[in-house]
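Below is one structure; the comments refer to it alone.
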Amino acid sequence: MAGEGDSEPGKSFKLLGFLDVQNVPCARESVLYGSLGSLVMGLGHFLATSRVRRSCDVAVGGFICTMLGYWFYCRYNLAQQRIRQRMLKEGMKNRVLFEGSYLDPEKEQTGSERGDS
């Protein structure tokens, strides 16, 4: 069948033809939270006003706002996490490089602690 080849594990799902939801960080969560925000805002507006067309407009606006809001929040946190990982990796490399030498910060701390007692 033609449909069986479409469900390969390595094949990615592209939303709107360009957003690769599987491989782009934060894309999946943004779409899911956007869908939930759309449902909540559209249904809430419909229950409050009973206007179907206007509620659909509010739902679409809610999807866009919620998705973009969570996208920027998630990408900001991801960038901070990558910066912290880079700093930690660099610190670990420096520790291995300077361990046991006169530039070792721990060696200096232990020497001053012994002098205080």
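Descriptive notes on the structure:
One line per residue, one yes/no per condition, for (1) more than 18 Å from Ala27 (Cβ to Cβ); (2) touching a strand residue (DSSP E or B) at 6+ places or on another chain (Cβ under 9 Å); (3) open to solvent by 80 Å² or more (accessible area, probe 1.4 Å):
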| residue | (1), (2), (3) |
| --- | --- |
| Ser38 | no, no, no |
| Val60 | yes, no, yes |
| Tyr76 | no, no, yes |
| Gln80 | yes, no, no |
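- Here is the figure for region 60-87: residues that are farther than 9 Å from Gly34 by Cα and of a type in the set (A, V, I, L, M) total 5.
The values are calculated or read from the model by the stated rules, or taken from the named source; none is laboratory data. None of the values given here were measured: they were computed from a predicted structure. All Cβ positions, even for glycine, are placed from backbone atoms using ideal geometry, and neighbour counts span all protein chains on display. For the accessible areas, the whole protein counts, side chains as well, though only heavy atoms, and no ligand, DNA or RNA atoms are used. Shrake-Rupley method; radii C 1.70, N 1.55, O 1.52, S 1.80 Å.
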